[in-house]
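> Would you mind keeping the following structure in view while I ask a few things?
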Amino acid sequence: MRMAISGVCGRMGGTCARIFAEAGETLVFFVDPREGAAPEAVPRFASPADVPAALTCDCMVDFSSPAALGGLLAFAAARHCPTVLATTGYTTADLAAIGAAAADAPLFVSRNMSLGAGLLEQLSERLAHALCPAFDVEIVETHHRDKRDAPSGTALSLADAVRRGGGGDRYVYDRRARGARTAGEIGIHALRGGSVTGMHEVHFLGQGEQLTLTHIAEDRALFARGALAAARFLVGKPPGHYGMRDLVRELLRDG
């Protein structure tokens with residue numbers, strides 16, 4: 001495939017450039033206003049609007065920031081370009097804009113590009129459906145000391161999955177001086193320290209028994225490989241809003 005990367009000067013964007021090239025994909029252009037390490041043979045533009053019309057790609061993968069979303073959506077819609085949006089921190093308004101742009105291009109949105117985390121989300125929804133409300137659910141996420149957002153986007157996605165499964169309808173982020181747990185709560189807790197790439201735990205706590213699902217990310221390259229899998233999934237799809245649930249469902253069906 002002919003691939004483009006937005007945010008190539010960041011840690012994940014740079015990892016994507018390496019992983020995509022190793023997988024035999026063709027890197028045709030990058031988008032990033034920052035200076036940083038990136039393959040010099042590939043043209044880099046400050047914004048999607050600067051990319052010449054004659055320069056095309058099969059898919060754009062974005063690991064930048066929510067501030068870049070407007071330009072990316074305009075590019076995707078105008079060129080009907082499949083785009084993988086792997087950035088976290090989108091607001092409700094951002095998500096609405098993504099939904100509108102999906103009428104003109106296939107867009108893949110995920111807070112976590114790990115295939116294992118995608119499976120964790122589906123399993124959490126199914127277990128919530130099977131065990132709750134007899135079991136309480138608490139989610140714990142751990143990341144390196146420099147991660148800026150808390151709780152992580154993945155923890156919120158897991159909470160959404162538990163809610164869809166009937167495991168609660170109210171997110172609680174701080175239990176200090178809150179008293180006893182009440183029905184419908186889904187606890188979400190964030191730990192920060194060291195160099196932890198990422199760990200997510202979903203605890204199902206019953207009377208006399210516990211069941212815990214855990215996903216541990218050991219290397220950032222796994223997110224780049226997941227983004228590549230998402231790009232390959234997305235190419236050829238009609239305009240629409242896609243996510244990790246769709247990719248995992250297709251992988252399970254094909255397997």
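> Can we say ILE98 is assigned by TED's automatic domain parsing to the domain that holds ALA231, surrounded by 14 or more Cβ atoms within 10 Å (Cβ to Cβ) and not polar (S, T, N, Q)?
Yes.
> Checking the structure you have, find out if any residue of the stretch 165-183 is closer than 10 Å to GLU138 by Cα, of a type in the set (D, E, K, R) and in the same structural domain as CYS132 (by TED's automatic domain parsing).
no
> I'd like to know if the stretch 67-83 contains one or more residues that are part of a strand (DSSP E or B), more than 21 Å from the chain's Cα centre (by Cα) and over 30 Å from ALA159 (Cβ atoms).
No, the stretch 67-83 contains no residue that is part of a strand (DSSP E or B), more than 21 Å from the chain's Cα centre (by Cα) and over 30 Å from ALA159 (Cβ atoms).
> Name the residues in the stretch 133-190 that are out of contact with any strand residue (DSSP E or B) (no Cβ under 7 Å at 6 or more places or on another chain), closer than 19 Å to GLY116 by Cα and acidic (Asp, Glu), would you?
ASP160
> Suppose we keep only residues that are in contact with a His (Cβ under 7 Å, 6 or more places away or on another chain) and of a type in the set (A, V, I, L, M) within the stretch 140-158. Which one would you say is nearest to GLY194 (Cα to Cα)? Before you say what the answer is, go through the steps one by one.
Start the filter on the stretch 140-158 by keeping residues that are in contact with a His (Cβ under 7 Å, 6 or more places away or on another chain), which leaves 140-141, 152, 154-155, 158.
Then drop every residue that is not of a type in the set (A, V, I, L, M), which leaves 140, 155, 158.
Values: VAL140: 16, ALA155: 19, LEU158: 23 Å.
If we take residues in the stretch 140-158 being in contact with a His (Cβ under 7 Å, 6 or more places away or on another chain) and of a type in the set (A, V, I, L, M), then VAL140 is nearest to GLY194 (Cα to Cα).
> Would you check if LEU191 is in contact (Cβ under 8 Å) with a residue 12 or more places away in the chain, within 18 Å of ARG220 (Cα to Cα) and out of contact with any Phe, Trp or Tyr (no Cβ under 6 Å at 6 or more places or on another chain)? Break it down into steps so the answer makes sense when it comes.
Working: in contact (Cβ under 8 Å) with a residue 12 or more places away in the chain: yes; within 18 Å of ARG220 (Cα to Cα): no; out of contact with any Phe, Trp or Tyr (no Cβ under 6 Å at 6 or more places or on another chain): yes.
Answer is no for this residue.
> With the requirement that a residue be buried (at least 17 other Cβ atoms within 10 Å of the Cβ) and among the aliphatic types (A, V, I, L, M), what does the stretch 2-41 give you? Walk me through it before giving the result.
Just the residues of the stretch 2-41 that are buried (at least 17 other Cβ atoms within 10 Å of the Cβ), to begin with: 3-10, 12-17, 19-20, 25, 27-32, 38.
Hits for the stretch 2-41 are MET3, ALA4, ILE5, VAL8, MET12, ALA17, ILE19, LEU27, VAL28, VAL31, ALA38.
> Another question, then. Is it the case that LEU228 is in a helix (DSSP H, G or I), hydrophobic (A, V, I, L, M, F, W, C) and modelled with pLDDT under 95?
Values: in a helix (DSSP H, G or I): yes; hydrophobic (A, V, I, L, M, F, W, C): yes; modelled with pLDDT under 95: no.
Judged against the criteria, LEU228 is not a match.
> Here is a further query. If we keep just the residues of the stretch 43-68 that are crowded, with 17+ Cβ neighbours inside 10 Å and of a type in the set (A, V, I, L, M), which is farthest from GLY14 (Cα to Cα)?
Once the filter is applied, the top-ranked residue is VAL51.
> Now a separate question. Working carefully through the options GLY24, GLY89, find the one that is at positive phi and either among the hydroxyl-bearing types (Ser, Thr, Tyr) or within 14 Å of the chain's Cα centre (by Cα) (or both). Don't jump to the end; show me each part of the working.
Numbers: GLY24 fails: either among the hydroxyl-bearing types (Ser, Thr, Tyr) or within 14 Å of the chain's Cα centre (by Cα) (or both).
Just one listed residue meets the conditions, GLY89.
> Also, quick follow-up: Given PRO151, PRO133, which one is outside any strand (DSSP E or B) and either touching a Cys at 6+ places or on another chain (Cβ under 9 Å) or touching a residue at least 40 places away in the same chain (Cβ under 8 Å) (or both)?
Unique residue meeting the criteria: PRO133.
> Mind checking which residues of the stretch 127-148 are surrounded by fewer than 17 Cβ atoms within 10 Å (Cβ to Cβ) and more than 20 Å from the chain's Cα centre (by Cα)?
Hits for the stretch 127-148 are HIS129, ALA130, PRO133, ALA134.
> Still on this model: Residue check, PRO151 against (1) of a type outside the set (A, V, I, L, M, F, W, C); (2) modelled with pLDDT under 95; (3) more than 21 Å from VAL248 (Cα to Cα); (4) surrounded by fewer than 17 Cβ atoms within 10 Å (Cβ to Cβ), all met but one. Which one?
Going through (1) of a type outside the set (A, V, I, L, M, F, W, C); (2) modelled with pLDDT under 95; (3) more than 21 Å from VAL248 (Cα to Cα); (4) surrounded by fewer than 17 Cβ atoms within 10 Å (Cβ to Cβ) one by one, PRO151 breaks only (4).
> Next question, about the same structure. Can you name the condition, by its number, that PHE20 falls short on among (1) assigned to a helix (DSSP H, G or I); (2) touching a Pro at 6+ places or on another chain (Cβ under 7 Å); (3) aromatic (Phe, Trp, Tyr)?
PHE20 satisfies all of (1) assigned to a helix (DSSP H, G or I); (2) touching a Pro at 6+ places or on another chain (Cβ under 7 Å); (3) aromatic (Phe, Trp, Tyr) except (2).
The values are calculated or read from the model by the stated rules, or taken from the named source; none is laboratory data. All of these numbers come straight from a predicted model, not from anything done at the bench. Please note: Cβ atoms are built from the backbone with ideal geometry, for glycine as well, and neighbour counts cover all protein chains shown.
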